[in-house]
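Nothing in this text is a laboratory measurement; each read-out follows from the coordinates by a stated rule. Since the structure is predicted, the reported quantities are computational estimates derived from the model, not experimental observations. Don't worry about glycine lacking a Cβ; one is built from the backbone with ideal geometry, like all the others, and counts go over all protein chains shown.
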Amino acid sequence: MEYVYVLLSLKDSRFYTGYTKDLKQRIEAHTLGTVSTTRNRRPLKLVYYEACLDQADALHRERYLKTTWGKRYLRNRLRFYMESTASLT
């Protein structure tokens, strides 16, 4: 099983999208700052993930979520979460 995941940077309010075989371990690596692409964007929060049957499927889904259409899909999917989070600040 492979996972596609989306993290929200609480520092700059931007998404980071990736894929991994071990979701728990990868999120921990992001949280500890051992992933160079997100080290300076911490704190991070896991806001979305999908399970895929194989690596090719996960890679295809990750690439889609990084496109304009994929970002629109995520923003629409997470709209209520983002609105409720914004109202807390």
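Numbers below:
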read-out	value
Pairwise label distance in nanometres, R39 with S84, each label 7 Å out on the Cα-Cβ vector	3.5 nm
Rg to Rh, two decimals, where the chain supplies the alpha carbon set and Rh follows Kirkwood	0.96
Rough spin-label spacing in nm, given labels placed 7 Å along Cα→Cβ, for L10 and E28	2.0 nm
Segment R77-Y48, extension gain: residue separation times 0.36 nm, minus the distance between their alpha carbons	9.5 nm
